[in-house]
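What follows is a short report on a single structure.
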Amino acid sequence: MSAGEQRGVKKRLPVVGQETEPVAPRDDVESDGMARAVASRRSFLQSMAVAGAAAGTAAATGCSEDTWETFIQDHYQRMTPEQLEAVIDRLEREALREHGVEVNIEAPGPLPNVQFAYALNLNACIGCRQCEYACAAENNTSRDPEIHYIRVLELDGGSFDVEEAEHYYTGEVPKPGKVYMPVSCQHCQNPPCVRACPVQATWREHDGIVVVDYNWCIGCRYCEAACPYGARHFNFAPPSIPPSEINPDQGYLSNRIRPVGVMEKCTYCLHRTRRGLLPACQEVCPVGARKFGNLLDPNSEVRRILETKRIYILKEELGTHPSFMYYFG
């Protein structure tokens, strides 16, 4: 059994209110896409093997052993636990060598009977952007060029025209007559970004978190174009983070330092939330506008909000079915 199968990544997300139970594997289109991506890479490796052993090839091309291992690394969902352990060990060595920081990378899988969701109180948010900067600190995003997963929009009261929103407002907040709407990955139940990826480098996990295998991503940016929320970000340059600001508590599919030339995005801080902690953005919110939890738990706060409050779905007409919802408290 592969590591991906052990983590339950081939199960579909249950509808809210239903019990979690095993269902059919991913549909034929997704399976065929994965098979083509893997077959293509394996065909290349087989042709390389004809010329000589991997070590000999690495020496001939001037690649280090770690560089060669990165190049031939398998897809996350197909790795055995032993392969994943070896990859994590290599990534931790690379972090120490390249950034001078000892990090601990884990790969927590989806929790059983969990469907994560977020609810944000538009009446409470004051636009302070503390969530935005806490997210950047937690998730090791590049400082130069700057990448932030959360964008806080300033809107006129009574309007939800995000196309006319102010992204770069300044001055004291909240301003009279203004409403603030933080926007990040919506972790859609029907994610267009996943369908757009030609190599299956992004997918939706069993607990509803949409993730990216950074080492499988080819940087084509199709997912970025497909996302209607502007939630995906491309590393145009090697990430620049002062060593003193690197968060050493890292997840393979979340906040480990990403290589140049790949896509990245919010992962609901899965390295935290799959261990029972809150996302960094909720933990830092000074007004309690953010609520995160398990929709399958009838006693969870996010479930209560969904059942009792007026809910607003950003770009609901697109049929993406976000698991990030706004409400009026």
* Residue check for S184: over 26 Å from Q77 (Cα atoms) and either out of contact with any Gly (no Cβ under 7 Å at 6 or more places or on another chain) or basic (K, R) (or both) -> no
* Asked: For the stretch 176-210, what are the residues that are within 22 Å of A124 (Cβ to Cβ) and touching a residue at least 40 places away in the same chain (Cβ under 8 Å)?
  -> K178, V179, Y180, M181, P182, V183, S184, C185, Q186, H187
* Asked: So which residues in the stretch 130-164 are at pLDDT 95 or above and among the hydrophobic types (A, V, I, L, M, F, W, C)?
  -> C131, A134, C135, A136, A137, I147, I150, V152, L153, L155
* Taking the stated definitions as given, is R41 more than 30 Å from A289 (Cβ to Cβ), modelled with pLDDT of 95 or more and either loosely packed, with under 13 Cβ neighbours inside 10 Å or of a type in the set (D, E, K, R) (or both)? -> no
* Structure fact -> Taking the stretch 74-110 and keeping only residues that are in contact with a Phe, Trp or Tyr (Cβ under 8 Å, 6 or more places away or on another chain) and of a type in the set (S, T, N, Q), one is left with Q77
* **Count of residues meeting criterion [charged (D, E, K, R) and farther than 24 Å from P108 by Cα] in the stretch 193-236** => 3
* To do: Restrict the check to the stretch 238-249 and report whether at least one residue is surrounded by fewer than 22 Cβ atoms within 10 Å (Cβ to Cβ) and hydroxyl-bearing (S, T, Y).
  => yes
* Asked: So which of P238, P243, P248 is over 21 Å from the mean Cα position of the chain (by Cα) and farther than 22 Å from V162 by Cβ?
  -> P243
* Asked: Which residues, taken from the stretch 260-308, are within 17 Å of A137 (Cβ to Cβ) and not hydrophobic (A, V, I, L, M, F, W, C)?
  -> E264, K265, T267, Y268, H271, R272, T273, P279, Q282, E283, P286, R290
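Can you name every residue in the stretch 130-163 that is in a helix (DSSP H, G or I), out of contact with any Leu (no Cβ under 8 Å at 6 or more places or on another chain) and over 21 Å from G251 (Cα atoms)?
Q130, E163, listed by residue number.
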* To do: All but one of (1) polar (S, T, N, Q); (2) under 20 Å from A117 (Cα atoms); (3) surrounded by 16 or more Cβ atoms within 10 Å (Cβ to Cβ) hold for S142, so report the exception by its number.
  => (2)
* To do: Would you be able to say whether some residue in the stretch 197-210 is modelled with pLDDT of 95 or more, crowded, with 19+ Cβ neighbours inside 10 Å and among the acidic types (D, E)?
  => yes
* Going by the conditions given, is A134 in contact (Cβ under 8 Å) with a residue 60 or more places away in the chain, surrounded by fewer than 20 Cβ atoms within 10 Å (Cβ to Cβ) and over 20 Å from G230 (Cα atoms)? -> no
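The values are calculated or read from the model by the stated rules, or taken from the named source; none is laboratory data. Predicted model, so just to flag it, every value in this text is computed and none were measured. Cβ sites come from the backbone with ideal geometry, for glycine too, and all protein chains shown count toward neighbours.
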